[in-house]
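All remarks here apply to the structure that follows.
The values are calculated or read from the model by the stated rules, or taken from the named source; none is laboratory data. For clarity, every value in this text was computed on a predicted model and none was experimentally measured. Cβ coordinates were reconstructed from backbone atoms using ideal geometry, including for glycine residues, and neighbour counts include every protein chain displayed. Heavy atoms of the whole protein, side chains included, go into the accessibility calculation; ligands, DNA and RNA do not. Shrake-Rupley method; radii C 1.70, N 1.55, O 1.52, S 1.80 Å.
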Amino acid sequence: MKKTKIVLVTLCVIVFATCFTIYANNKLFLHAENNQDVDFNGVSYADQTGLFLQMDENGNVSYVDANPNQHFDDVTLPEEKDKNVTFDVSVVDPDGKQDEVGSYDSIEEAQDAEEKLQSYGGATMMLNLSDEEMAKPEETRIDIKTKNVLRSTTAPAIVVFKSEEDANGYVKNINYNEVGTNIAGYVNPLYFYDAAYLGTENGKVKFKLAGVTGLVDEKKVKIIPYNSDMVISGYCVSKGKFYHYITTPYSISQHENNPNHDGYASVQRVGNAPKGLKENVMYYSYDGHYFYSNFNTMISDYKNNTYNHAINKNSPYYNYYQYLPMRSNSSFSTDDFDRAVAEHANNKSKLKNAGRYFINAEKYGVNASLAFGLAVNESAWGMSNIAQSKNNIFGLNAIDSNPGEAANSFSSVESCINDFAKNWMSLGYLDPLDWRYYGPHFGDKQSGMNIKYASDPYWGEKAAAQSYILQDNTNKKDLYKYTVVVNQGNEIQYVYKEADISSKKIYSTGDANNNVIHQFPYIVLNEQGHWYKIQSDAVLSSSRNQIENKTGLYDFKHNYVYTKIPKNKVIVSNGKGNKPSEPTKPDENIMVGDVNGDQKLSPADYVQIKNHIMGVKKLSGKALKAADTNKDNKISPADYVYVKNKIMGR
């Protein structure tokens, strides 16, 4: 029921774009905290819940108490405390003045009113403004609040995940589900400050963070309208190298209390500079693929499910080591690993002289460099308590609720590395039949091991950073060694024994619930017509016709499979030591079999295919491409049958 409140308003439409660019200093520094009461040397977040891994431009890692002031948020909503609460719709003008339009008994009614206001030309409503003020290229917005708690806004905004206390006094992980697939994920709010706000619907807040677009319970988050004075996460090019600057709740609070603190908690290497991005300019992105110099423009694109206004819209960026499948070999030597440890840790490090163990463990099909980078971060260069006392350099089984006690113990560092490579990787995260399988790479919160391995949304990126440091410090040709292709499509790809759909189907690029895994990478061995020969994620039987999951041993020459070349693909690297000179653009938006271009399959389509075959009326252009359903560069009865079967649901 609507509770009326009369407000005289003038509806106007102002089309504008407020552009801004945040310029970084010529040299950007990580500000480590110097006022900690506890010495965290030799402690990692595998040892203790509530620590944050800091990284600097050189790959140095350290840990700080992510919640030193023991701050926890209230996770109840106003209507849970007061049944008489109203949902108040207000229009906020460019100067911050709020004018309430109406109050409603439910958020659904309030959002209906919000939509009606937007239908008059977007989120712009000018109230009592002079002609001069109305001429300013400023935007007003529509807010919905309950007792001053922002519940929805049309303004560009960020989502801040709340810190809720668990039974042990630590901050709880927060669960969410990916939009479209419903894949479940989780994050810990201590590891990041901001996500992109995309709307509120059915009691859920829609956000974008670390690649994933998700829905989270609205009581678990806060919505904060964006302004250009905010310090939020971003990307920056410095001396040809590409870095991700991460903010956390603690680093933001330090910035507010100390203006000389820049607000960034970590700076991690994410590769070399993408084409088109300028030096010392802060760019925004919540997927690490498409970058914007204007936050508002980015949010507008996200809400419209497009990247049309991204600076690199035709050349999405993929962090090579973050998307390189584990089923690969490293080019680095034992000495390369051991020298890196000697430069970062003392003789007590459990990683000292362990390089040979990482290389030997590649017999399980696990890249030594990637495993090494993960060990560095999880064990604080081999100096963590769990590493020192239990030879556990990966934090294996160091669950959040009781990491120190629960973590596994090993007789040696070598046995820990072998257990990680065999049981956790080869027979675990890399096995397409395993419930944790979301791709063979570190990834982020949309695909890869990061989905189920860590509550830090940038865990995969941090692990990958160490391989870039190794690359920088050696002359090895490891970067872009493999041909890596990412499938950007929205359909599951099936993997076959041979380049023939009639051969044995081995596995798919879907999860255990048959949901598509987005941004799925392959190591491409070669092309065969319309097929890729790829490195298998699974360990195959001797006949290569099924998954073998006993020994975990991986023969790189034996374990290969085939998949159709994806229609929407990005070539991350061409296997010749560099990135491709020109980005591979997705194919034209042509639906297979949709000859008449009406975005559906109907008898009209197969009639046109039949007429083409019979010579009644020849097809050309997009229609001809759509008719070639099996991509064999000819139109045959097989294409006709394909469309007919699709229509019949076969």
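When the Cα convex hull of the range 502-559 is projected onto planes of every orientation, the mean area is 5.1 nm². Using alpha carbons only, the radius of gyration of the range 269-378 set against its Kirkwood radius gives Rg/Rh = 1.13. For the range 398-515, taking Cα atoms only, Rg and Dmax work out to 17.2, 51 Å respectively. Averaged per residue, the range 286-382 has 33 square angstrom of accessible surface, using a 1.4 angstrom probe with ligands and nucleic acids left out. Close amide H pairs (under 5 Å, H built 1.01 Å from N) link residue 531 with 565, residues at least 5 positions away or on another chain. Taking all Cα pairs closer than 8 Å and separated by 6 or more residues, the relative contact order of the chain comes to 11 percent.
Given only helices, namely DSSP H runs of n ≥ 4 each adding -39500 (n - 2.57), what is the per-residue ellipticity at 222 nm of the chain, to the nearest 500 deg cm²/dmol?
-5500 deg cm²/dmol
Over 24 Å between C-alpha atoms is what I'm after, so list which of 313/445; 422/462; 481/622; 97/206; 241/576 land there. As for pairs spanning more than 24 Å Cα to Cα, those are 481/622; 97/206. Potential lengthening of the chain between residue 555 and residue 596 amounts to 10.0 nm, from the contour at 0.36 nm per residue minus the alpha-carbon distance. For the chain, the fraction of C-alpha pairs farther apart than 33 angstrom is 52 percent.
Quarter the surface of the alpha carbon convex hull of the range 231-294 and you get the mean projected area, 4.5 square nanometres. In this calculation the C-beta distance from residue 165 to residue 618 is compared with R0 = 56 Å, giving a FRET efficiency of 0.20.
Only protein atoms count toward the accessible area here, which uses a 1.4 Å probe; on the chain, the carbon and sulfur part of that area reaches 45 percent.
Per-residue Karplus couplings for the range 364-380, computed as 6.51 cos²θ - 1.76 cosθ + 1.60 with θ equal to phi - 60°, are listed in order as 8, x, 10, 4, 4, 5, 5, 5, 4, x, 5, 5, 4, 6, 6, 10, 6 Hz, Gly and Pro entered as x.
For the range 440-544, the per residue solvent-accessible surface stands at 34 Å², with DNA, RNA and ligands left out and a 1.4 Å probe.
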